[in-house]
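To start, the structure under review is shown below, and the notes come after it.
The values are calculated or read from the model by the stated rules, or taken from the named source; none is laboratory data. Worth saying up front: this structure is predicted, and the values here are computed from it rather than measured. Glycine also receives a Cβ, built like all others from the backbone with ideal geometry; neighbour counts cover every protein chain displayed. In case anyone asks, the SASA skips ligands and DNA or RNA and just uses the protein heavy atoms, side chains included. Shrake-Rupley method; radii C 1.70, N 1.55, O 1.52, S 1.80 Å.
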Amino acid sequence: MTRDRFPRGRTAIVGASTYGMGESPGLSSMDLAVNASVRALDQVGLTPGDVDGLFIGLPDDFLSGLTFAEYLGIQPRITENNRTGGSAFLTHAMWAALAIEAGQCDVALISYGSNQRTAAGGLVSAMRPTAYEAPYKLMRPAGAYALATSRYMHEYGLRREQLGEVAIAARQWAQLNPDAFMRDPLTMEDYLKARMVSDPLSVRDCCLVTDGAAAVVMVSAERARHLAKRPVYLLGAAAATDHRDITSMPDLTTTAAVHSGARAFAQAGVKPSDIDVVELYDAFTINTLLFLEDLGFCAKGEGGSFVEGGRIAPGGELPVNTNGGGLSCVHPGMYGLFTMVEATQQLMGLAGERQVANAQLALAHGNGGELSSQATLVLGTEDTL
């Protein structure tokens, strides 16, 4: 049996930024990532030359860690290019915390960017069908998530209107966020009339395809107090994987977030009911329900009823995806790092009109592949140490 020795609260995020969200014609994925990175560093008076730990994973450059270092003109002690899909950047935060604690680096920069909308013109996926799935020509990734949704509906009686609650809540949060890509009103009638993509998922159940970049800067807790007015401390971080392809998922209604969440909460010494702000990787509306259940905010099968009545919308009991999420704010191929940025901005009190009052604890959760890789972070203010 392994013993978990995660360094609770001994590292912190001091800078967090986004760049080029929506459409950024003429910029490469690396251009976008670098701009977000320089912004995040500048927030605390640092420059690329101060960075000795780089963490990145671009959709169009499998050696992006090397490209990133060259672009910034630095020679980092650590270059990490782990790729688990949209969860990768939360695992980067976990490894950055361990590296800082071990003295392997002092300033860690985690970054991501993609010009998926203006350059690629559509969703680009690293997932390739296996020989067992290819003959069935499953639409990827929407078809995979539709399978999970269909099974959940069969087992628990989920109604499309309950999925609609997720999409509408995300849009309402996006309407409070000037950087969100889709800010038009979305009614339940609009949702139910939306074009079907992969039954039972319509276009309003699916994430956006946008450009955009995000970056965070991590340092030791001791150094953080000298750099940032309100550092955000990493209290718990855990990851879990139980399959690659959707047809190999042990249970289409339960994700490995059951394991990553439990370990992250245990490290942090808090429970779901303590969390003030929840940022989930909502590539599809079903994700939000599955993760709310698997992370312990409600029981299995109760996700649909849990989100009814605007519970996760502005003014609701549990603020979820307060920037608008991947459904209405931004989704440049992979969304995971944006959950960290939004959680950080909420805890720093920098979220503007969408700010959750007195937010002290936040959860950021990333998802990679086809509900394959899960990573959970628990973040807190100095008062939570």
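Brief remarks on what is shown
- Rounded Å value of the spacing that divides the Cα centres of the stretch 1-76 and the stretch 147-222: 26
- Qualifying chymotrypsin sites (Phe, Trp or Tyr not before Pro) in the stretch 1-69, where qualification requires a DSSP coil assignment and no more than 16 other C-beta atoms within 10 Å, comprise 62.
- Eligible lysines near residue 137 by straight Cα distance, threshold 29 Å, same-chain separation 8 or greater: 193
- Fluctuation leader among 86, 45, 164 - the chain, Gaussian network, Cα springs under 10 angstrom: 45
- 3J(HN,Hα) from dihedral phi, the stretch 223-230, Karplus parametrisation 6.51/-1.76/1.60, rounded to Hz, x for glycine, proline: 6, 4, 5, 8, 9, 10, 5, 9
- Estimated 222 nm signal from helices in the chain, with DSSP H stretches of n ≥ 4 weighted -39500 (n - 2.57), rounded to 500: -9500 deg cm²/dmol
- Per-residue HN-Hα couplings for the stretch 145-159 [Karplus 6.51, -1.76, 1.60; θ = phi - 60°; Hz; x = Gly/Pro]: 6, 5, 4, 4, 5, 4, 5, 4, 4, 5, 7, 10, x, 4, 9
- By the rule of a C-alpha distance below 13 Å, with chain neighbours fewer than 8 residues away ignored, the aspartates and glutamates paired with residue 229 are 382.
- Trypsin sites (Lys or Arg not before Pro) restricted to the stretch 133-204 and DSSP loop, no more than 14 other C-beta within 10 Å: 137, 159, 195
- Hz values of 3J(HN,Hα) by residue in the stretch 180-193 - Karplus curve (6.51, -1.76, 1.60), Gly and Pro given as x: 5, 6, 10, 10, 5, x, 10, 9, 5, 4, 4, 4, 5, 8
- Partner aspartates and glutamates for residue 300 [C-alpha distance under 13 Å; skip if fewer than 8 residues away on the same chain]: 155, 251
- A Gaussian network model of the chain, with springs between Cα atoms under 10 Å, assigns the largest mean-square fluctuation among 215, 351, 93 to 351.
- Protein heavy-atom surface of the stretch 217-331, 1.4 angstrom probe: 49% of the accessible area is carbon and sulfur, with nucleic acids and ligands not counted.
- Remark: the residue 385-residue 189 segment gains 66.0 nm on full extension, using 0.36 nm per residue and subtracting the alpha carbon distance.
- Value of relative contact order over the chain, rounded to a whole percent, pairs C-alpha under 8 Å and six or more apart: 26
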